[in-house]
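K.L.:
Okay, handing you the structure first.
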Amino acid sequence: MQAKITVTETWLRKHRHLYDGATRHPFIRSIRDGNIDISAFKTWLGQDYIFVRAFVPFVASVLTKAYKGSDDANGDVEVILGGIAALHDEISWFKKEAFKWGVQLSSIVPQKANQEYCRFLESLISPEVEYTVAAVAFWAIETIYQESFAHCLEDDSKTPPELKETCQRWGNESFGEYCNSLRNIVDRQLEKASDDVITKAEATLLRVLEHEVDFWNMSHGRT
Ligand SMILES: Cc1ncc(CN)c(N)n1
């Protein structure tokens, strides 16, 4: 018997071009090809630190929605809680990495693309945004980083040794498994969602993809 095609699989096929634009962006390709401009990397580092700080309350809101709104609350809450724990480590890592590269985090001003992305996250915190819709955004945001940085660790990549740790942070297998758990949560929710929620969730995925591309563009100096 053939396995059933999940909603996320349908979306990824339908929006492949946009998805590849987010996970195979020239910024990521430049890391993978070993010709990254280090000033672009430093821009990304400082801006992403600000993004991750705004990401935490968003993920906390997804956790609250999971607790209240899912029929497998315990399983979902634990996966999301694991994500929050990883973000705690991520923030410490950004501080350490910024020190290593001489990036002064206290003086970073969020650029337009970052401000807009953070505003979008804030809009998703609203209790009016359904758990399924918020969970789709969460899954997509984490997965885009996982796939992007895993691409920089493939056998034929020429990623500079000093950037390997960064790529490992999101490109490692256990982060990949965590992203799969998020995807399973999302597919289970979508399975029983109304058409209206499915439509909103798909639109949210597209907005995440656009914001991620804009974020890479900003880091790459294309804004
Ligand atoms: C912009 C962005 N997108 C995703 C991630 C992965 N948490 C991140 N750190 N920054």
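K.L.:
Which one is nearest to the ligand (Cβ to nearest atom) among residues in region 207-223 that are closer than 16 Å to Ile144 by Cα and either modelled with pLDDT under 95 or open to solvent by 70 Å² or more (accessible area, probe 1.4 Å) (or both)?
P.N.:
Of everything passing the filter in region 207-223, Ser219 is nearest to the ligand (Cβ to nearest atom).
K.L.:
In addition: Assess whether Thr199 counts as being away from the ligand (no atom under 15 Å from the Cβ), of a type in the set (Val, Ile, Thr) and open to solvent by 20 Å² or more (accessible area, probe 1.4 Å).
P.N.:
Working: away from the ligand (no atom under 15 Å from the Cβ): yes; of a type in the set (Val, Ile, Thr): yes; open to solvent by 20 Å² or more (accessible area, probe 1.4 Å): yes.
It is true that Thr199 is away from the ligand (no atom under 15 Å from the Cβ), of a type in the set (Val, Ile, Thr) and open to solvent by 20 Å² or more (accessible area, probe 1.4 Å).
K.L.:
Among the residues in region 69-78, are any hydrophobic (A, V, I, L, M, F, W, C) and closer than 25 Å to Glu191 by Cβ? Walk me through it before giving the result.
P.N.:
From region 69-78, those hydrophobic (A, V, I, L, M, F, W, C) are 73, 77; that's our starting set.
From what's left, closer than 25 Å to Glu191 by Cβ: 73, 77.
Yes: one or more hits.
K.L.:
Scan region 52-64 and give yes if some residue there is small (Gly, Ala, Ser) and either in contact with a Ser or Thr (Cβ under 6 Å, 6 or more places away or on another chain) or away from the ligand (no atom under 16 Å from the Cβ) (or both), otherwise no. Can you show your working first?
P.N.:
Going residue by residue through region 52-64, those that are small (Gly, Ala, Ser) are 54, 60-61.
Narrowing further to those that are either in contact with a Ser or Thr (Cβ under 6 Å, 6 or more places away or on another chain) or away from the ligand (no atom under 16 Å from the Cβ) (or both): none.
Checking region 52-64: not a single residue is small (Gly, Ala, Ser) and either in contact with a Ser or Thr (Cβ under 6 Å, 6 or more places away or on another chain) or away from the ligand (no atom under 16 Å from the Cβ) (or both).
K.L.:
Only residues that are touching a Gly at 6+ places or on another chain (Cβ under 7 Å), open to solvent by 20 Å² or more (accessible area, probe 1.4 Å) and more than 9 Å from the ligand (Cβ to nearest atom): list them for region 141-156, please.
P.N.:
Hits for region 141-156 are Ala150, Leu153.
K.L.:
Could you tell me whether any residue of region 96-104 is more than 11 Å from the ligand (Cβ to nearest atom), modelled with pLDDT of 95 or more, open to solvent by 40 Å² or more (accessible area, probe 1.4 Å) and aromatic (Phe, Trp, Tyr)? Step through it out loud before you land on a result.
P.N.:
Filtering region 96-104 down to residues more than 11 Å from the ligand (Cβ to nearest atom) leaves 96-104.
Now drop any that are not modelled with pLDDT of 95 or more, which leaves 96-104.
In the following step, the residues that additionally are open to solvent by 40 Å² or more (accessible area, probe 1.4 Å) were identified as 96, 99-102, 104.
Add one more test, that the residue is aromatic (Phe, Trp, Tyr), and what stays is 99, 101.
Checking region 96-104: at least one residue is more than 11 Å from the ligand (Cβ to nearest atom), modelled with pLDDT of 95 or more, open to solvent by 40 Å² or more (accessible area, probe 1.4 Å) and aromatic (Phe, Trp, Tyr).
K.L.:
Which members of region 6-40 meet the condition of being of a type outside the set (A, V, I, L, M), more than 29 Å from Ala134 (Cα to Cα) and crowded, with 20+ Cβ neighbours inside 10 Å?
P.N.:
Matches in region 6-40: Arg32 only.
The values are calculated or read from the model by the stated rules, or taken from the named source; none is laboratory data. This is a predicted model, so every value here is computed, not measured. Note: ideal-geometry Cβ built from the backbone for every residue, glycine included; neighbour counts use all protein chains shown. Accessible surface areas use protein heavy atoms only, side chains included; no ligands, DNA or RNA. Shrake-Rupley method; radii C 1.70, N 1.55, O 1.52, S 1.80 Å.
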